[in-house]
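Report on the structure given below.
No lab work stands behind these numbers, since they all come straight from the coordinates. Model, not experiment: these values are computed from the prediction. Counting neighbours? That spans all protein chains shown, and the Cβs are built from the backbone with ideal geometry, glycine included.
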Amino acid sequence: MPAPLSVSGGVTVSVSAMGARYETATLSVKDAAEPPLRCQFNPTEYSISTSATWRRYQAPGAPSTAVPQFVSTNPASLALDLFFDSRNDGAPPVTNAVTRLLSWTRPTQRSVSDNRPSPPVVTFEWGGTASFDAYVSSASARFVLFQRDGTPIRAHVSLRLEEIPAPLPGTNPTSGSDVAIRQRRLVDGETLPLVAWQEYGSADAWRLIAEASGIEDPSRVAAGTVLMVPERSGPGGRS
């Protein structure tokens, strides 16, 4: 078996799950009543890479290129290629696993009821090591073998999980599948005060986002930066 999976912020992990042996890898939804989803085959390899966002601020007439300035560490991501086969005695139908995996791309029912849609928090565990908390950013299934009546009995599922940061000290984690901090990618034309107004109804709350995202200078936040948006309760908040 390959070395245990170990990841940190800004790391991208790709895993191929086409091994020939049954194994104990699981995908589970944090704080949910549903049982973990067990993957049937051992991953045969994984690769790790890390990335961060840097930006050069050009000065007119400068004799040399500007020194790059750190913007942010990108969230970790985990890419999984899973293989399910229900031909063995006692194996659950592959459609059960596929339906569950695809459903994890949707917001939780509770978060929708609270008018604050957020995804279920998913954790991948393998070899006694748990990955970071994440949400399913994409999922696709390919059925490759069928019974005579058309029932799928073998499926390949590709998942991409993206990291959800741990709650900040002093915040109150929510129960169920909701999360205390969400992520939002800054687009062209947006500023921290604008995002704060959209998220909290108060432009003055930009400091809360800046602190959570490790941003020291709000005037130098590049488009594409991943912002951490904590929940906020009380006056001016939408929690």
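How would Trp197, Trp104 line up from fewest to most surrounding beta-carbon atoms within 10 angstrom? Write down the numbers at each step before the final one.
Working: Trp197 15, Trp104 20.
Neighbour counts put them in this order, fewest first: Trp197, Trp104.
Short-range pairs are left out: with C-alpha atoms under 8 Å and at least six residues apart, the relative contact order of the range 181-230 is 51 percent. Note on Asp85/Asp114: beta-carbon distance plugged into 1/(1 + (r/R0)^6) with R0 of 41 Å gives a FRET efficiency of 0.60.
What shape does the range 181-230 take by its C-alpha gyration tensor, where a ≥ b ≥ c are the square roots of the eigenvalues and a/c under 1.5 counts as rounded, a/b above b/c as prolate, and the rest as oblate?
Numbers: a/c = 1.26, a/b = 1.17, b/c = 1.07.
Verdict is rounded for the range 181-230.
Relative protection proxy for 143-149, 28-34, from highest mean packing down: 28-34, 143-149 (other beta-carbon atoms within 10 angstrom).
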